[in-house]
Amino acid sequence: MFSTDQLDLRRMLCPLPVIRTQDHIKGMSPGDTLTIVCTDPGVLTDIPTWCRINGHEVTSTEEADYEIKITIQVGAE
Amino acid sequence: MTTLQELAQNPKKKAVALISGGLDSLLAAKVVMEQGVHVEGINFFTGFCVEGHTHAIRNMKKEKPKRNNALWVAEQLGIKLHMIDVIEEYKDVVLNPKHGYGQHLNPCLDCKIFMVNKALAWSWMEENQFDFIITGEVIGQRPKSQRRETMPVIARESGADNRLLRPLCAKNLPETLPEREGWVDRDKLYDFHGRNRKPQMALAEEFGFEDYAQPAGGCCFLTDASYSGKLTDLWNGRGTRDYDIDDIMLLKVGRHLRPRPHFKVIVAREEGENHYLRGYQQQFTMVEAVSHIGPLGAIDGASLSDDDLKLAARIISRYGQGRDAESVIVRITRNGVSTDHEVAPLPSDQIPADWHV
Ligand code: SF4
């Protein structure tokens, strides 16, 4: 069974959302998904870059009312 | 860390590179990778990094987000980047630097020692096991922290000693363990020195790197006069030299005015800042015009009297569309309770220049 986690990263400025995402994903397994909710638009570039470097995949990005929701599927290490 | 005997049996050596996001750390890592060493990057987030704040709070609709240079460097190099939050531990470096400050509140030498030491501790962790550390330091590049005399101080006081390799100026320094053991070829390292950036730019071209970051001052906001001034004002206002992450983030948001020693007001400059400040309504007393369009303002201070609130409201309403009106209705929100008040916006000639932090 894959797990689906959520992280509230609102008000955090980059690179903190990336660091919190990185630290949370360390405890997850390949195939799991993590959805992060952020307010710093910097995540729109930083999270995809971080995912590319580390072999994870951004599966969806939603923007509304100053909030950005990004879902990441954890890749195999 | 592995023993020398184990290392001899394992030819692929591992180095951890301090990646700031600038050109020098990019080149230093690349030079060592070219010699067949497995390199991974490490980046420390102190809270003051230019990366973090330049992204910051801006009007989402207007500006295109900027990239994080450390992540960009790692992607260019095709290496992993380990980003580490050191905000709490770094406080002691900022507040009590053994080697003192640079031009402003930048404790560069202590900062370098701290970072190399943290990289060393990380490299020793069981799951990591790295053999040496790389930095992009160049002798003479920075007047305070990158001098011939400070290089051995950083190596010694960080505990890294001869496991600290500076590939861009290694030929100007005594041989280190990676060179002596033949893990890297000293002849293929460099002898850059001084403030001239041309050799780095030529090397970048040789490697095919374009569009790299070249921060003018330093790698963090502590080298910035205005930011350091705001931090000093924060300490003076509170009567104690301390800060937390919200404090250092808020120093990048809005206009800061201190009309009285015991409080200051932070006035948003645009919609993105307005929205960002609103997230702090539990911590601060908030003021916003309701009869006119105007910015949100936060009051940072303790024991606020009615006169203080009124003065703050007059200042904040001065930055809205009601600035020329005789009076403006403002909403003051404290601990979740809002009350409306009529105030006269303060004319700009009644805002002394020294109120601006
Ligand atoms: S500029 Fe800032 S991050 Fe860079 S060495 Fe100095 S104190 Fe450290």
| modelled with pLDDT of 95 or more, farther than 28 Å from B:Phe207 by Cα and within 13 Å of the ligand (Cβ to nearest atom), is that true of B:His53? | no
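Scanning for something without any contact (Cβ under 8 Å) to a residue 12 or more places away in the chain and surrounded by 13 or more Cβ atoms within 10 Å (Cβ to Cβ), does region B:203-221 turn up at least one residue? Steps first, answer last, please.
Filtering region B:203-221 down to residues without any contact (Cβ under 8 Å) to a residue 12 or more places away in the chain leaves B:205-206, B:208, B:210-211, B:216-217.
This time we only want the ones that are surrounded by 13 or more Cβ atoms within 10 Å (Cβ to Cβ), so: B:217.
The answer is yes; a qualifying residue exists.
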| query | Which condition does B:Thr150 not pass, out of (1) of a type outside the set (A, V, I, L, M); (2) at pLDDT below 95; (3) over 30 Å from B:Leu250 (Cα atoms); (4) surrounded by fewer than 19 Cβ atoms within 10 Å (Cβ to Cβ), if it passes all the others? | reply | (4)
| request: Spot the failing condition for B:Glu288; the list is (1) surrounded by fewer than 20 Cβ atoms within 10 Å (Cβ to Cβ); (2) touching a Ser or Thr at 6+ places or on another chain (Cβ under 9 Å), and only one is missed. | output: (1)
| task | Take the residues in region B:61-95 that are within 14 Å of the ligand (Cβ to nearest atom) and outside any helix (DSSP H, G or I), then tell me which one is farthest from B:Thr135 (Cα to Cα). | result | B:Val86
| request: Please work out which one of (1) hydrophobic (A, V, I, L, M, F, W, C); (2) within 14 Å of another protein chain (Cβ to nearest Cβ); (3) over 21 Å from the mean Cα position of the chain (by Cα) is the condition B:Ala160 fails and give its number. | output: (2)
| request: Could you check region B:279-357 for strands (runs of 3 or more DSSP E) lying wholly inside it with 2 or more residues that are of a type in the set (D, E, K, R)? | output: B:328-334, B:337-343
| task | Check whether at least one residue in region B:166-178 is closer than 19 Å to B:Leu27 by Cα, at pLDDT 95 or above, within 15 Å of the ligand (Cβ to nearest atom) and buried (at least 16 other Cβ atoms within 10 Å of the Cβ), and report yes or no. | result | yes
| note | Restricting attention to region B:102-114, the residues that are touching a residue at least 24 places away in the same chain (Cβ under 8 Å) and either touching a Pro at 6+ places or on another chain (Cβ under 7 Å) or not in a helix (DSSP H, G or I) (or both) number exactly 6
| said: Please go through region B:134-147 and give me each residue that is surrounded by 24 or more Cβ atoms within 10 Å (Cβ to Cβ) and either within 15 Å of the ligand (Cβ to nearest atom) or acidic (Asp, Glu) (or both), ordered by number. | reply: B:Thr135, B:Gly136, B:Glu137, B:Val138, B:Gln146
| Quick one: is B:Glu175 more than 21 Å from B:Val86 (Cβ to Cβ) and charged (D, E, K, R)? | yes
| task | Quick one: count up the residues across region B:115-133 that are within 16 Å of the ligand (Cβ to nearest atom) and not in a helix (DSSP H, G or I). | result | 1
| request: Please indicate, with yes or no, whether at least one residue in region A:15-38 is surrounded by 18 or more Cβ atoms within 10 Å (Cβ to Cβ), touching a Pro at 6+ places or on another chain (Cβ under 8 Å) and facing another protein chain (nearest Cβ under 10 Å). | output: no
| request: Confirm whether B:Ala225 is under 24 Å from B:Glu75 (Cβ atoms), within 26 Å of the chain's Cα centre (by Cα) and within 16 Å of the ligand (Cβ to nearest atom). | output: no
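The values are calculated or read from the model by the stated rules, or taken from the named source; none is laboratory data. Bear in mind that the values here come from a model prediction, so they are computed numbers and not experimental data. Here Cβ is always computed from backbone atoms with ideal geometry, including for glycine, and neighbour counts include all displayed protein chains.
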